[in-house]
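Colleague: My questions will all concern the structure given below.
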Amino acid sequence: MRSDEARPADQTIGARSASAETGIESHLHESRIFEARKDFGASVGGAYVRNLKEYRARFKRSIEDPEGFWGEIARQFDWFQPWTKVLQWDLPDAQWFVGGKTNICHNCIDRQVLQGHGNEVAIVWEGEPELTRDAASAPRFEVRHLTYSDLLAEVSAFANVLKSLGVRKGDVVTLYMGMVPELAIAMLACARIGAAHSVIFGGFAAAAIVDRVQDAGSKIIVTCDGAWRRGSIVPLKANVDAACEQLPDVRHVITLRRTKNDVTWFAERDHWWHDLTRAASRDCPCEWCDSEDLLYLLYTSGSTGKPKGIRHTTGGYMVYTATTAKEVFNLVPGHGQLYWATADIGWVTGHSYVVYGMLPNRVPSLMYEGAPNAPAEDRFWDIIERHRVTHFYTAPTAIRAFMKWGNEHPLKHNLTSLKVLGSVGEPINPEAWMWYYQTIGGGRCPIVDTWWQTETGGHMITPLPAATPLVPGSCTLPFFGVDAAIVNEKGEEQPPNTGGLLVIRKPWPSMLRGIHGDRERYIDTYWSRVPGMYLAGDGARRDERGYFWIMGRIDDVINVSGHRLGTMEVESALVAHDAVVEAAVVGVPHEIKGTGVAAFVTLGPGFTPSEALRKDLIEHVGKEIGAIAKPDMLRFTQTLPKTRSGKIMRRLLRDIAAGRDTRQDTTTLEDFTVLAKLRESDE
Ligand code: WTA
């Protein structure tokens, strides 16, 4: 029990009121400041940045002399051949560590083994299912500890497997797996041989696999028979089989046995992971990769229906993700730290802060296979207690769900091992921040609210745990080298507390290197609206302290449970259904998800609204994209409200969606034309 430790914050760290906290959005009425604890450094084996003064001095240097700053940091990694120039910037194209040769897998694994740390744990993994429990004993779970030496052997073996199937440097290997260590192993095996990976989130449906495999030109898919999710099996291999019906170029599918469900076998393309790796040599030298060789593609939603393949390359990504992980979480090897990011590896957080940013820091990374409420709502707290987790990184949507499930779940567990808490994926509302701070962190642990994106590769705006005073709801200050600003369309910086576009004005090492196969879209999306600056696609403001407050997306992307979803993707899925003629999708405030999906559809002749059709359409979206895209609310309408020039009045639809009880009137056919006429002038 630890309830006695959950003291109010103002007793523990001297909360005080901020001066003029004006202009804050209505949902962000927060003025308390939580000063950094003086004893934080001592509790974690030393702080890298000890106070705001040190932060400011290093920040200044990083902006004034980025090449000197990043060059010094990059020299702490292993390079097979040094670079000739730290940065070559030809807007909008950056090259970092030009001419340098390295291998990120070497820096994650081999380097640790060569330095005598082969027997230290690199990955702690826990499976979802609860193993047999008898009345007399505590529940047991399946746990694996993989050391750097274990990883070296397994990654090398799988790298040899990939080579034996013809994978060469520069090829793209698709990974569609559950949260098992073999997913990290497969990623690292690709990196080892200079192949790129494209990880597809295991929650996506077959159609999403087809799009991504085609766009990447991938000829090989690695999957699992199934993935555990709340005690049931997600049939990953069956989804791959369905996708392969439309993917004649896929030559090999490698399947890891995990859930032991029946799978259909296609002898000409199917292989079992265990058959191939059993026969493979455990010796595979690292390929020398150029700093700018493609490391991976990761698809993310944009304003059009087609997901964008974000390109990340080797050298800059390696240096930046490991450095942000180290400084933002204050990772110190040899001090019993155990870090756990709950993100699925299918998203960028899993790439950067479960795998690549973690391993070079020699602090073990915990991977958990399943859901937070399986078998019960205290699963996460149970994991933290049993493994003595010190760093915990999750999303506001999860925090809101925990709050709803009740304090009894965390209070049952001893969470005193925790030192640093993190938040990512969407703005954290101050209520959730306070709950996280007090109920999970016991009022002791700084919360690093990290703002970043798939495109940025690593943290961009974030507190540093020993240095930055925290204000609930603000992601605070930019990381080193990040020249973030709030500007108007002309690129002029906005005064404090004035909303504007969030941009980054200088290149940073892990920035995206483009959208796979679509140069024009890269330039249009990120570099056109405000010439010369990277447009993040978020609206934001800075307060008088210089702290950033993210207000939300400015494009047709909504943030559902911390996951990016293009409204057009959902619209295309809906109109693909026989009954639907036209669809408009907008975000609607949602208690747990932050933003939910609201869909308005018009039906074709011969179709009438009904509860059954509504359910069918929602399921249809789940099948086309994945469960995260299923509309929370779906309404039938006579016609969609449009302006005279034919544009759908999205603002009106957002208001309608937000203003009405979603459970009522689901089968009436609504007519928004009168409302549309009234509103036309302000759309
Ligand atoms: C949002 C996830 C507020 C933002 C790492 C961004 C956030 C999008 C935060 C990127 C945060 C992410 N506070 N908003 N701390 N972190 N976002 O590509 O809108 O899945 O543009 O990357 O999530 O989502 P993505």
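The values are calculated or read from the model by the stated rules, or taken from the named source; none is laboratory data. A quick note: this is a predicted structure, and the numbers were derived from the prediction, not measured. All Cβ positions, glycine included, derive from the backbone under ideal geometry; neighbour counts span all protein chains shown.
Colleague: Inside the stretch 573-597, can you point out the residues that are within 16 Å of the ligand (Cβ to nearest atom) and either surrounded by fewer than 18 Cβ atoms within 10 Å (Cβ to Cβ) or over 26 Å from the mean Cα position of the chain (by Cα) (or both)?
Modeller: The answer is P589, and nothing else.
Colleague: A further question on this structure: Name the residues in the stretch 437-461 that are near the ligand (Cβ under 8 Å from one of its atoms), under 21 Å from I523 (Cα atoms) and in contact with a strand residue (DSSP E or B) (Cβ under 7 Å, 6 or more places away or on another chain), would you?
Modeller: Q453, T454, E455
Colleague: Within the stretch 462-478, how many residues turn out to be within 8 Å of the ligand (Cβ to nearest atom) and not hydrophobic (A, V, I, L, M, F, W, C)? Reasoning before the result, please.
Modeller: Just the residues of the stretch 462-478 that are within 8 Å of the ligand (Cβ to nearest atom), to begin with: 462, 475.
Now narrow it down to the ones that are not hydrophobic (A, V, I, L, M, F, W, C): 462.
So the count comes out to 1.
Colleague: If you scan the stretch 96-129, which residues turn out to be of a type in the set (D, E, K, R) and within 30 Å of R140 (Cβ to Cβ)? Walk me through how you get there before you give the answer.
Modeller: Quick first cut of the stretch 96-129, residues of a type in the set (D, E, K, R) only: 101, 110-111, 120, 126, 128.
Hits for the stretch 96-129 are E120, E126, E128.
Colleague: While we're here: How many residues does the stretch 322-351 contain that are away from the ligand (no atom under 16 Å from the Cβ), assigned to a loop (DSSP other than H, G, I, E, B) and either within 25 Å of V482 (Cα to Cα) or among the hydrophobic types (A, V, I, L, M, F, W, C) (or both)? Spell out the reasoning first.
Modeller: Residues of the stretch 322-351 that are away from the ligand (no atom under 16 Å from the Cβ), as a first pass: 322-323, 326-327, 330-340.
Then drop every residue that is not assigned to a loop (DSSP other than H, G, I, E, B), which leaves 330-338.
If we keep only those that are either within 25 Å of V482 (Cα to Cα) or among the hydrophobic types (A, V, I, L, M, F, W, C) (or both) too, we end up with 330-332, 338.
Residues flagged as away from the ligand (no atom under 16 Å from the Cβ), assigned to a loop (DSSP other than H, G, I, E, B) and either within 25 Å of V482 (Cα to Cα) or among the hydrophobic types (A, V, I, L, M, F, W, C) (or both) within the stretch 322-351 amount to 4.
Colleague: Looking at (1) in contact (Cβ under 8 Å) with a residue 40 or more places away in the chain; (2) at positive phi, which one does G606 not meet, given that it meets all the others?
Modeller: Of everything listed in (1) in contact (Cβ under 8 Å) with a residue 40 or more places away in the chain; (2) at positive phi, G606 misses just condition (1).
Colleague: Also, I was wondering about something else. Applying the selection to the stretch 223-240, what residues are more than 21 Å from the chain's Cα centre (by Cα), crowded, with 21+ Cβ neighbours inside 10 Å and farther than 18 Å from I625 by Cβ?
Modeller: Matches in the stretch 223-240: C224, D225, G226, K237.
Colleague: Output yes when any residue across the stretch 363-386 is surrounded by fewer than 22 Cβ atoms within 10 Å (Cβ to Cβ), within 15 Å of the ligand (Cβ to nearest atom) and farther than 30 Å from R311 by Cα, and no when none is.
Modeller: Checked the stretch 363-386: no residue is surrounded by fewer than 22 Cβ atoms within 10 Å (Cβ to Cβ), within 15 Å of the ligand (Cβ to nearest atom) and farther than 30 Å from R311 by Cα.
Colleague: Over 27 Å from the mean Cα position of the chain (by Cα), buried (at least 20 other Cβ atoms within 10 Å of the Cβ) and outside any strand (DSSP E or B), is that true of L640? Step through it out loud before you land on a result.
Modeller: On the way: over 27 Å from the mean Cα position of the chain (by Cα): yes; buried (at least 20 other Cβ atoms within 10 Å of the Cβ): yes; outside any strand (DSSP E or B): yes.
Judged against the criteria, L640 is a match.
Colleague: Let me confirm something: among G552, G537, G546, which residue is modelled with pLDDT of 95 or more, under 28 Å from the mean Cα position of the chain (by Cα) and surrounded by fewer than 19 Cβ atoms within 10 Å (Cβ to Cβ)? Reasoning before the result, please.
Modeller: On the way: G552 fails: modelled with pLDDT of 95 or more; G537 fails: surrounded by fewer than 19 Cβ atoms within 10 Å (Cβ to Cβ).
Unique residue meeting the criteria: G546.
Colleague: Mind listing whichever residues of the stretch 575-595 are touching a strand residue (DSSP E or B) at 6+ places or on another chain (Cβ under 9 Å) and more than 29 Å from R400 (Cα to Cα)?
Modeller: As a first pass, look at the stretch 575-595 and keep what is touching a strand residue (DSSP E or B) at 6+ places or on another chain (Cβ under 9 Å): 575, 577, 579-590, 593-595.
Across the stretch 575-595, the qualifying residues are V575, H577, A579, V580, V581, E582, A583.
Here is a yes/no grid of residues against (1) polar (S, T, N, Q); (2) farther than 21 Å from M179 by Cβ:
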| residue | (1), (2) |
| --- | --- |
| V222 | no, no |
| W228 | no, no |
| P235 | no, no |
| N239 | yes, no |
| A242 | no, yes |
| Q246 | yes, yes |
| T255 | yes, no |
| N261 | yes, no |
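Colleague: Limited to the stretch 576-605, what total is found for residues that are modelled with pLDDT of 95 or more, out of contact with any helix residue (DSSP H, G or I) (no Cβ under 7 Å at 6 or more places or on another chain) and not in a strand (DSSP E or B)?
Modeller: Final tally of qualifying residues: 1.
Colleague: Could you check the stretch 410-431 and list, in sequence order, the residues that are of a type outside the set (V, I, T) and more than 13 Å from the ligand (Cβ to nearest atom)? I'd like the intermediate steps shown before the answer.
Modeller: First, the residues of the stretch 410-431 that are of a type outside the set (V, I, T): 410-415, 417-419, 421-423, 425-427, 429-431.
Selection gives P410, L411, K412, H413, N414, L415, S417, L418, K419, E431.
Colleague: Out of all the residues in the stretch 62-99, which are touching a strand residue (DSSP E or B) at 6+ places or on another chain (Cβ under 8 Å), closer than 24 Å to A536 by Cβ, touching a residue at least 12 places away in the same chain (Cβ under 8 Å) and not hydrophobic (A, V, I, L, M, F, W, C)?
Modeller: P66, E67, P92, Q95
Colleague: To continue, here is another question. Report whether or not K623 is within 30 Å of G425 (Cα to Cα) and crowded, with 20+ Cβ neighbours inside 10 Å. It would help to see each step written out before you state the result.
Modeller: Numbers: within 30 Å of G425 (Cα to Cα): yes; crowded, with 20+ Cβ neighbours inside 10 Å: no.
Considered against the rule, which asks whether it is within 30 Å of G425 (Cα to Cα) and crowded, with 20+ Cβ neighbours inside 10 Å, K623 comes out as no.
Colleague: OK, next. Select from the stretch 338-357 the residues that are touching a residue at least 60 places away in the same chain (Cβ under 8 Å) and among the hydrophobic types (A, V, I, L, M, F, W, C) and list them in ascending order.
Modeller: L338, A341, A343, I345, W347, V348, V354, V355
Colleague: Within the stretch 272-314, can you find the residues that are away from the ligand (no atom under 16 Å from the Cβ), part of a strand (DSSP E or B), closer than 25 Å to V240 by Cα and touching a residue at least 60 places away in the same chain (Cβ under 8 Å)?
Modeller: L294, L295, listed by residue number.
Colleague: Can you name the residue in the stretch 519-572 that is farther than 16 Å from I504 by Cα, among the charged types (D, E, K, R) and not in a helix (DSSP H, G or I) and is also nearest to the ligand (Cβ to nearest atom) among such residues?
Modeller: Here the residue is R564.
Colleague: Restricted to the stretch 143-187, and to residues that are farther than 27 Å from A205 by Cα and either polar (S, T, N, Q) or modelled with pLDDT under 95 (or both), which residue is farthest from the chain's Cα centre (by Cα)?
Modeller: Ranking the candidates gives S164 first.
Colleague: Could you please give the count of residues in the stretch 352-362 that are within 16 Å of the ligand (Cβ to nearest atom) and surrounded by fewer than 22 Cβ atoms within 10 Å (Cβ to Cβ)? Before the answer, list the steps.
Modeller: Narrowing the stretch 352-362 to residues within 16 Å of the ligand (Cβ to nearest atom): 352-358.
Checking which are surrounded by fewer than 22 Cβ atoms within 10 Å (Cβ to Cβ) leaves us with none.
Result for the stretch 352-362: 0.
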